[in-house]
Every structure is written in C-alpha cells, then in structure tokens.
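Taking it in order: structure first as structure tokens, then the write-up.
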Amino acid sequence: MALLISWLSSGSLQAVQQPNIIIFYVDDLGWQDVQINDVDEPCPYETPNVIKLAESGMNFTQGYAPAPSCSPSRAGIITGQHPAKIGMTHVHLGAIKPGRKTDPLVPPYLENHLDLNLLTLADAMKANGYRTGHSGKWHVGLNAANYGFEVVNQDRGPHRGMDDRTKGFATADDKNYPLSKEKYPPTSDKHPEGISYPYDEVTESAIRFMSESGDQPFFLNLCHWMVHWPVLTRNGELLEYYCDKLGQPFPPKPGDMSLPGQQNPYFASMVTTVDWSLGRVVDFLKTTDDPRNPGKKLIETTYIFFTSDNGGAEKHGKEIISDNAPLKYGKTHPEDGGVRVPMVIAGPGIKHGSRFDGLVNQLDYFPTILELTGSKVAPDDFEELSGLDISPVLEGKSEQVVDAKGNERAQLFWHFPHNGMDSMKSAIRSGDFKLYKRYATNDYELYQLYKDGQRNDFEEVHDLAKNPEFSSVVEKLSAALEAELAANHAEGPYLNPDYSKKKTPSAMLSQPKYDRGSRQATLSVETSGPAVKKAWVIYRPEDPSAKHRYKEMVSEPDDAKLPGMREPASIDADGYRVTAEIPAGNPAYCFAIIDANGYLTYSKTVKASVSAKGK
C-alpha cells in the first residue's frame, strides 16, 4: 500500500485538551537538504513528506538550532535553556585534551552528562499527566530514562557502519533489517510501484510507543541518528534510484564520494529515508483513532515539531557529503550554515501552508509546548527558560514573536568556544544583521544577511565591521552580545598554556597530593607564577588513561559523584593552593584551574583508590 502523505484539507480550530506532542529531530540535516527552503539551485533530495508537512502546517524560514553541534542543541531543546547557560556547548563531554602548541586558545571543560538537577521537558510533561517516550539518539550523557522519559529505546536502527557500503544491502529475509512488504516512494521506471525500506527500529519503537499510550496523552521525542556520518544506506533500491537520478554508476565505486555540491547518492538516500520515517509516523496518526477524543484521528490532536539539531555537515575527510550553499560553512560553525535549520510545526489550529519569516529558536519549543498543552511548571523553573512562547504565531494571533511584556524578539545568540581558531566564535542575530565575536583575534565580524527584509548577503562574504557606516551597528550588537554572554555565564575559551608563542606566563602546577584517610586532595602552584583565580575538581573514571567519552548509563546514578562531573575546589587566600574532598567511591580525580593570566591548566590525574564505603 502506498504511503499516505496527504493531510487534512484545513487546520482544525477546535481546541484540543492535552494534545499529543512529537518532536521529530533529525541529525545534521541542513537548511538546503529538504525541498521546502529552496534558494538558488533546487534540492535534489526528494522529501515529499516534509513538503506535505509544511503544506499542512507552518514553515519557519528563519528557524535556528541552539548550537552548531549535536549535544548542546539536544540539551537546549530538552531543557529549554541556552547551551551556554547550562555549560554544554559541544559534543566533547568529559574530554580532557591538551592544547596544541600552534593554538593560542583551548575550549572549556564540558561535564560528562547533562545536569541531573535541571528540569527537562519530559519531566514537565510527565508531571502534567503525559506519557513520555524517547526513541533514537540521546547524546547528552547517561540515558534518556534519567531525564524524565518513561519509555526509552536508544537503538540506532539501520544507521550502523558497513564493511563495504557498495554492497550487502538489506533483503526481504534479512535477519536485522528485513525489507518491508509495502512499497513506498520514490517511484521510477524500474520500480513503478515504489520500493521497499529496511526495518528501522527507531521509527517502529516510536510507533509502538504511540500505539501503547492508550487514553493517556503522549510526548514523543523521536531522534534519528541519520543523516549523520557514516554516510551509507542499507536500501539498495533507493541508492540505485539516486545513482540513476544523479547520473552515477550503480553500485558506486569504492572510496570517497568527491563530486561537489549535492551529488552524494548515499547522503541523498539517508535524507529520503528520514522523510520516509516521517511519512510512516504521519500515516500512523492519520489511520489511528484517538481514544481520548471520539470521532477524531490522532492526526487531529497531535502537534509535530520537525527540525534538525544543527546545520548540515558538508565534508568528512575527503568525502563531500552535501552543500549548505548559499549559507556559509556548516556544522560546528556558528555561521548560518551551521545553525540555520529546516523547521516545520503542524497541528491543531495551525493554518495550512502558512509561513513565518521571523526569528525562531528551538529553545522556544519548551514554553510553546507548555502553552499548547495547558501544562504548568513552577514559576522559578519557567523563569529559567531561555526561549519564548510562539503559540500566538502558530495560531495566527500574532505576526511577531513577543516576550511576556509584549516586546518583539530582538535577537538570538550562539556561543561556540570550540574546535579550531576559525570556529571559536560567539554570534548574535538581530534584524537584518549578524555579528560575530572572534576569540582568536579578539575582534568582530558583521554581515547584513537581509536588507529591508529581503535577501542580501546569505553567503556572509561582505564583512562590514570596519566600515564606518556600520560602526553604530557593531557597537550596539557587540554590547548586546556581551550582555547575553554575561547573563548566561558563558564559559571560555581560555588561553592555552602549551601555546608556543604565549606572551605571558601560565601557572606551574605541582603533582597533586591525596590523603586517603581524610580523602583530602591538594594541589600547589608555584608562587613565582600567576595565582589561581578559579579551580575545579573533576571526577575521573577508574582508568584515566583510557579515552573518556560519555556513557549512556541505564541505571540510576548512586550517591557517588559520577565520572566526568566537576565541582568547585577551594582556593587558599594567597591563591597558590587548591583543595577538595574526594567523595567515597570515586576512583580518580584531577584539578582544573584558571590562573590570573587567563590560562586553563589541568593537573595530572590521581587515583583515589577509595571504596564505596570510604575505606
């Protein structure tokens, strides 16, 4: 049976009590990787279900992710707080890496997991009577079950590495990824009835969750691992379709795909597979009765938030993945190619085929979902949210996103103190302009993306920062950016103590000392150098020499401080001695200090060798 991709003919204006919520989150899907925001060259990747979703809801042409990489955006969307504010600004969770001698700056340390004390959207929905489920990629440490989700499946689906991506595609009797009996788009002369798709546990677990929710409203966080690297597909028919469409041999030759632009058939196949998944979810909603609302289908009582965690990845080594043009750069860059993403919201009361051209951020989802569902959180928790309620825009009651006082949104900002010197930037978007603070050179860039609301410099090639005509814009936006960074306690980058051309001395650390009886850890700093201004103790894993990355733990954390966490350490009055008490059960630790000259230095890791009982 062909996939049902048509929706209702008009938006329902009838209020729905406790509507269902689906966040359909794609990994690394760029603004130009779907067919709803085509500018310049049309997108060759076929996304009919995204098109239908936009036709049945609202397309946000200036929708932005909270960050240009995965973990901070996911943390931002699930907490509603800016990544800078919650201290998760990149994916290198729990990693301690010495700086290269050629780099003057190093990034801040990021804890191994999202702070367990933060209120999540799942917590809020659960407290308001919703059944909460997560399917797919999590990537903010521990496990989604630790953050308010009752039903969790973090399977990767078919998006796993293959020994040879040019062959070995799924078959009808494949043990792990059997091809569907149903046929779905795209169609071709070779496959006029459509093609089959490999079994996808991410999609199927999401559908199971919805079908098992009964008469309880549900909140589903459906997060695909695609279209992230590795770039491959187990769908041989779909890959052949794109090879034919792009004029390439099938099967492709081994090796990197190196044709410029959007000519990678593997990536094209992943994009269409994600679109197929969206169609499967919509089809389920269209054909399933809502037990809480007799006479209605779930499609009439459910909001779908479709978007991506960051801009598209354009390259991986020698492989050309896709192209974000005309936007500048891509993933891990705060330029528009790294943070501007496809964004569509559809559901009850949203005018079909509508479009909003104002600034919208995924941080807006938390307060908007609270409003759409009539859910409440404590006033103190609500005050911590970084986004704004956009439900008046969705419902056609306002043409602007406004704050609680009725003021129109003035700006969005990003903080990315990571990767190379070209990426370490903070940015602010206000009206037609976007300004960057470059940490490597300690100056600013300014681009006018729009002029009087019309496209002007999407490519961000005309830097206006030193143009006297725009000096007042630089002054205004730089002050606004600095205020945002201060208000959100944005951290880093810091000076690199290993930089070969450093102009000021960095603190010289002694070997840390540890007293097993008192569990007291001590670090001394040579008095001939700069004193310590900030200090933390970082709890380390049992084998500190092993590569330390986040672990998605299913079990609840015990009373011991988890590896990767950090806590403030005490600094003596003279600033040359740091102390901390290591909790029982922690096998190892190290110190991290910021000295008076602004250098970030890590001590050596020390094994505490303390049992859970402190013996």
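The values are calculated or read from the model by the stated rules, or taken from the named source; none is laboratory data. Keep in mind the model is a prediction, meaning the values are calculated, not measured. Cβ atoms come from the backbone with ideal geometry, glycine included; neighbour counts cover every protein chain shown. Ligands, DNA and RNA are excluded from the accessible area calculation, which covers all protein heavy atoms including side chains. Shrake-Rupley method; radii C 1.70, N 1.55, O 1.52, S 1.80 Å.
I want to confirm something. Restricting to region 389-403 and keeping residues that are part of a loop (DSSP other than H, G, I, E, B) and of a type in the set (S, T, N, Q), which single residue is least open to solvent (accessible area, probe 1.4 Å)? Going through the qualifying residues, I end up with S398.
Does V227 fit the bill of being among the aliphatic types (A, V, I, L, M) and assigned to a helix (DSSP H, G or I)?
no
The residue that is nearest to K328 (Cα to Cα), among those in region 45-67 that are open to solvent by 30 Å² or more (accessible area, probe 1.4 Å) and not β-branched (V, I, T), is E46. Taking the stated definitions as given, is A440 part of a strand (DSSP E or B) and open to solvent by less than 60 Å² (accessible area, probe 1.4 Å)? For A440, the condition - part of a strand (DSSP E or B) and open to solvent by less than 60 Å² (accessible area, probe 1.4 Å) - is not met. Applying the set (1) open to solvent by 20 Å² or more (accessible area, probe 1.4 Å); (2) modelled with pLDDT of 95 or more to E556 leaves exactly one unmet item: (2).
The residue that is nearest to the chain's Cα centre (by Cα), among those in region 97-106 that are within 23 Å of D543 (Cα to Cα) and open to solvent by 50 Å² or more (accessible area, probe 1.4 Å), is K97. Within region 361-392, the residues that satisfy the criterion of being out of contact with any helix residue (DSSP H, G or I) (no Cβ under 8 Å at 6 or more places or on another chain) and within 16 Å of Y64 (Cα to Cα) are N361, D364.
Mind listing just one residue for me: the one in region 248-265 that is assigned to a loop (DSSP other than H, G, I, E, B) and within 21 Å of Q32 (Cα to Cα) and, of those, least open to solvent (accessible area, probe 1.4 Å)?
The initial filter retains those residues of region 248-265 that are assigned to a loop (DSSP other than H, G, I, E, B), namely 248-264.
Keeping just the survivors that are within 21 Å of Q32 (Cα to Cα) gives 257-264.
Numbers: M257: 24, S258: 80, L259: 80, P260: 86, G261: 22, Q262: 32, Q263: 60, N264: 3 Å².
Across region 248-265, the extreme among qualifying residues is N264.
Might you check whether a residue that is small (G, A, S), modelled with pLDDT of 90 or more, in contact with an Asp or Glu (Cβ under 8 Å, 6 or more places away or on another chain) and in a loop (DSSP other than H, G, I, E, B) occurs anywhere in region 569-579? Within region 569-579, none of the residues are small (G, A, S), modelled with pLDDT of 90 or more, in contact with an Asp or Glu (Cβ under 8 Å, 6 or more places away or on another chain) and in a loop (DSSP other than H, G, I, E, B). When you check V202 against the structure, is it open to solvent by 10 Å² or more (accessible area, probe 1.4 Å) and either of a type in the set (D, E) or within 30 Å of L118 (Cβ to Cβ) (or both), yes or no? No, not satisfied.
Per the conditions (1) in contact with an Asp or Glu (Cβ under 9 Å, 6 or more places away or on another chain); (2) open to solvent by 10 Å² or more (accessible area, probe 1.4 Å); (3) at pLDDT 95 or above, the sole criterion not satisfied by Q14 is (3).
Note on region 467-484: residues that are among the aliphatic types (A, V, I, L, M) and either loosely packed, with under 12 Cβ neighbours inside 10 Å or in contact with a Pro (Cβ under 8 Å, 6 or more places away or on another chain) (or both) amount to 1. Closer than 18 Å to T272 by Cβ, more than 27 Å from the chain's Cα centre (by Cα) and open to solvent by 40 Å² or more (accessible area, probe 1.4 Å), is that true of P186? No; evaluated as a whole, the condition is false for this residue.
Close contacts from region 16-41, counting a first residue that is free of Cβ contacts under 8 Å to residues at least 60 places away in the same chain and closer than 18 Å to E55 by Cβ and a second that is polar (S, T, N, Q) and part of a loop (DSSP other than H, G, I, E, B), with Cβ to Cβ under 7 Å and a gap of 6+ residues or different chains, come to Q35/T47.
Applying the condition of being open to solvent by less than 10 Å² (accessible area, probe 1.4 Å) and touching a Lys or Arg at 6+ places or on another chain (Cβ under 8 Å) to region 71-96 and asking which residue is farthest from E371 (Cα to Cα) yields G94. Once region 118-144 is narrowed to residues that are open to solvent by less than 10 Å² (accessible area, probe 1.4 Å) and assigned to a strand (DSSP E or B), the residue that is nearest to H159 (Cα to Cα) is G136. Screening A487 against (1) small (G, A, S); (2) modelled with pLDDT of 95 or more; (3) open to solvent by less than 30 Å² (accessible area, probe 1.4 Å) leaves a single unmet condition, (3). If you go through region 32-63 and pick out every residue that is over 18 Å from S354 (Cα atoms) and within 18 Å of the chain's Cα centre (by Cα), you end up with 2. Please list, ordered by residue number, the helices (runs of 4 or more DSSP H) wholly in region 291-388 having 2 or more residues that are at pLDDT 95 or above, crowded, with 20+ Cβ neighbours inside 10 Å and in contact with a strand residue (DSSP E or B) (Cβ under 8 Å, 6 or more places away or on another chain). Of the helices (runs of 4 or more DSSP H) lying wholly inside region 291-388, those with at least 2 residues that are at pLDDT 95 or above, crowded, with 20+ Cβ neighbours inside 10 Å and in contact with a strand residue (DSSP E or B) (Cβ under 8 Å, 6 or more places away or on another chain) span 336-339, 365-373. In a residue-by-residue description of region 184-206, the property of being touching a residue at least 40 places away in the same chain (Cβ under 8 Å), β-branched (V, I, T) and under 30 Å from Q18 (Cα atoms) applies to at least one position.
This table checks each residue for (1) assigned to a strand (DSSP E or B); (2) more than 30 Å from P379 (Cα to Cα); (3) more than 19 Å from the chain's Cα centre (by Cα).
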| residue | (1), (2), (3) |
| --- | --- |
| F413 | yes, no, no |
| D422 | no, yes, yes |
| A427 | yes, no, no |
| Y444 | yes, yes, yes |
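Which one is surrounded by the most Cβ atoms within 10 Å (Cβ to Cβ) among residues in region 580-608 that are hydroxyl-bearing (S, T, Y) and assigned to a loop (DSSP other than H, G, I, E, B)? Across region 580-608, the extreme among qualifying residues is S603.
Out of region 444-466, which residues are without any contact (Cβ under 8 Å) to a residue 60 or more places away in the chain, touching a strand residue (DSSP E or B) at 6+ places or on another chain (Cβ under 8 Å) and open to solvent by less than 40 Å² (accessible area, probe 1.4 Å)? Once the filter is applied, which keeps residues that are without any contact (Cβ under 8 Å) to a residue 60 or more places away in the chain, touching a strand residue (DSSP E or B) at 6+ places or on another chain (Cβ under 8 Å) and open to solvent by less than 40 Å² (accessible area, probe 1.4 Å), region 444-466 yields E445, L446, Y447, Q448, D457, L464, A465. So if I check each of R280, R234, which one is touching a residue at least 24 places away in the same chain (Cβ under 8 Å), in contact with a Pro (Cβ under 8 Å, 6 or more places away or on another chain), farther than 24 Å from T61 by Cβ and open to solvent by 10 Å² or more (accessible area, probe 1.4 Å)? Step by step, each of R280, R234 is checked, and only R234 is touching a residue at least 24 places away in the same chain (Cβ under 8 Å), in contact with a Pro (Cβ under 8 Å, 6 or more places away or on another chain), farther than 24 Å from T61 by Cβ and open to solvent by 10 Å² or more (accessible area, probe 1.4 Å).
Could you tell me whether any residue of region 155-168 is of a type in the set (A, V, I, L, M, F, W, C) and over 24 Å from P198 (Cα atoms)? So far as region 155-168 goes, no, none of its residues is of a type in the set (A, V, I, L, M, F, W, C) and over 24 Å from P198 (Cα atoms).
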